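To start, the structure under review is shown below, and the notes come after it.
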Amino acid sequence: MKWSGYNNLEELGESDDESLDSLKRRIILAALVVLVFVALIFSRLWFLQIYKGDEYRARADNNRVRVSEIAAPRGNILDRKEREMVTNRPSFNVVLVREDSNDVDTLIKELAQALSLDISDMWDKLREAEGKPRHLPIRLVEDVDWATLAYVENHNHNFPGIRIEATPARVYHYDNVAAHAIGYLGEISKKELAARNSAVYSGGDLIGKMGLERLHEKDLRGEKGSNSSEVNARGFEQQLLKNIAPLPGNDIQLTLDAILQQVAEELMGAGDKAGAVVAMEVKTGRMLVLASNPVLPLNQFVGGISHKNWNALLENSKHPLINKVVQAMYPPGSTYKMMTAMAGLATGVITPETVFYCPGHYYFGNRRYHCWKRGGHGAVNLKRAISESCDVYFYQVGLRSGVDNLAKMANKFGLGVKSGIDIEHEKGGLTPTKAWKLKRHNQKWQEGETLSVAIGQGFNLVTPLQICLMTATIANGGTQYKPQIIEKITDPDGHVISQFEPIITSQLGGEKVFLKQIRDGMKEVVQGKRGTARKVRIKGMTIAGKTGTAQVVRLKQYKHLKEEDIPYKYRDHAWFTCYAPADDPEIAVTVLVEHGLHGGSSAGPVARAIMAEYFAERLALAAEEEKKTKE
């Protein structure tokens, strides 16, 4: 038998080499795999700790550190004598942080039951917050009382995610005084939030919704602060890490006089009168009173006005949401007759001595136009026409002057023109012309319409502010000032940021020579024996003024009724406008009482009370001097 071992050993050696090579390849492959995995692990660690380190560190801090905003106290609002009208107080709100609560449904039910709250309102607020980050607080209940505050604080372990938030709330030291001018706050809407700087505003912030609170939001809002605190897994604060105090807003000092404003609003409110009262300094344009009645219930807006209260305001037939000083327009009635007189004098169609006979009516074409005094005034010149408000006299002056000249003169005194006052939604009114009617109604002007315009009826529309501006321009000799409501704005340290000086907007030219005749007539309205506003007189003070009755609607079925039997909404509006002292004017006052019938008896007493308060010290001093003289 032939031996073959050599060959077998040779084959075995070759097999071992192949196995060894294979093993080496596997080891190398395994090493590569391990290296790849190690590389991936190190790459991931680098990505998480280096590249994304700041982000994940911030996330970790968010789990441990809670940053909450601190609302800034809004700036104070003061009157012209630095009386505090609007300031701030602490308000406590119940808020929910959703990321700290595992079962919001149960939490809301238990909270509503424990605090006797309306669960539907809280659910509405939760739905409004959908899409917001879960760490941002949602205000469930605003401006809670002390009992609620104490209960939540003492039982917070039962309500995970529920916290008490302290924010500044407005305090109105004179209740609702000057409510339409000051305005109110409300929670920022989604539309407002989208239009505002996200670095300044966030959901849930309070923002000015009306009046100066809205127009001067930037001045009043201040700058937010923040608290950084460490929290545990349930969101409860463990320690305060950092605090940045908020910066209060700027203070605004108004030209308004809180006491005069209060007098005006109390008198309007006492008789449940709807309308407006305006008072201003005739030589500066500074507004002293801007009262619209019914007033806005400002305290209802603190913490958010309820749907019930808001609907009540909307449905009120006397329209408290309208600022009647600048937004409501009325026929000017007989207060417009000064403009008719000025147009007649300026165009030369009359002189102060021109006399027209008033038999109680005036025929034009086939129509009879009545004077308010059915028996007539007899022979009337300019001074008597103004003092006794003779319609027949002004019918004829208006016809001779022409409607375009009437409008031109009225515009020079601020009627039918926006004044530019720092109040929102001001209306411009209307002083009709021939061109206006052709454009607006596609009809030619009828001369009979001029008669109505001449006595402040027809298409004429003005705001109470415009009548006061007209009166002030007459009083000061023909200079019209921009009406201003803000005296100055100061920062929290008391430094003046803005100072508002008087601004002259226009001055009469040659027409101002006729103002003396107008002022003489207006003086007779109050001081004369037959003036229509004799009841407005104040002992020791000479007042010049003009009454007015603005017809709302002409209805024959009410023609023979007593005035008190005419439905309220069909009664005439009552005007009274005046200035004092007549010989050296300081203040002009205009009062409009909706459906008040007569200016002298309805609007006049309000104006009288304002002037009596404004001149109280001088009147008291004069009375004392008179007493000493008699002794």
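The values are calculated or read from the model by the stated rules, or taken from the named source; none is laboratory data. None of the values given here were measured: they were computed from a predicted structure. Virtual Cβ from ideal backbone geometry, glycine too; neighbours counted across all protein chains shown.
Quick look at the values:
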| quantity | calculated |
| --- | --- |
| Leading residue by the ranking (surrounded by the fewest Cβ atoms within 10 Å (Cβ to Cβ)) among those in region 134-175 that are more than 19 Å from residue 122 (Cβ to Cβ) and aromatic (Phe, Trp, Tyr) | 146 |
| Test set (1) outside any loop (DSSP other than H, G, I, E, B); (2) within 30 Å of residue 532 (Cβ to Cβ) - residue 458 fails condition number | (1) |
| Members of region 434-455 found to be within 21 Å of residue 334 (Cβ to Cβ) and in a loop (DSSP other than H, G, I, E, B), listed by number | 455 |
| Sole residue being in a helix (DSSP H, G or I) and either closer than 25 Å to residue 291 by Cα or assigned by TED's automatic domain parsing to the domain that holds residue 286 (or both), chosen from 489, 518, 497 | 518 |
| Those residues of region 115-144 which are in contact (Cβ under 8 Å) with a residue 40 or more places away in the chain, in a loop (DSSP other than H, G, I, E, B) and under 18 Å from residue 68 (Cα atoms), in sequence order | 129, 132, 135, 136, 137, 142 |
| Any hit, region 77-98, residues being assigned to a helix (DSSP H, G or I) and either in the same structural domain as residue 288 (by TED's automatic domain parsing) or modelled with pLDDT of 75 or more (or both) | yes |
| Set 356, 364: member being loosely packed, with under 15 Cβ neighbours inside 10 Å and in contact with a helix residue (DSSP H, G or I) (Cβ under 7 Å, 6 or more places away or on another chain) | 364 |
| Cβ pairs under 6 Å, 6+ apart, first in region 284-303 and modelled with pLDDT under 85, second assigned to a loop (DSSP other than H, G, I, E, B) | 301/184; 303/142; 303/143 |
| Selection count where residues are more than 20 Å from residue 607 (Cα to Cα) and crowded, with 22+ Cβ neighbours inside 10 Å, scope region 452-479 | 5 |
| Residues of region 370-422 classified as β-branched (Val, Ile, Thr), assigned to a loop (DSSP other than H, G, I, E, B) and crowded, with 24+ Cβ neighbours inside 10 Å, total | 0 |
| Qualifying positions in region 174-220 - among the charged types (D, E, K, R) and more than 14 Å from the chain's Cα centre (by Cα) | 175, 187, 190, 191, 192, 196, 205, 218, 219 |
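For every residue, the table says whether it meets (1) closer than 25 Å to residue 461 by Cβ; (2) crowded, with 19+ Cβ neighbours inside 10 Å.
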position: 482; (1), (2): yes, no
position: 488; (1), (2): no, no
position: 496; (1), (2): no, no
position: 501; (1), (2): no, no
position: 516; (1), (2): no, no
position: 526; (1), (2): no, yes
position: 540; (1), (2): no, no
position: 547; (1), (2): yes, yes
position: 552; (1), (2): yes, no
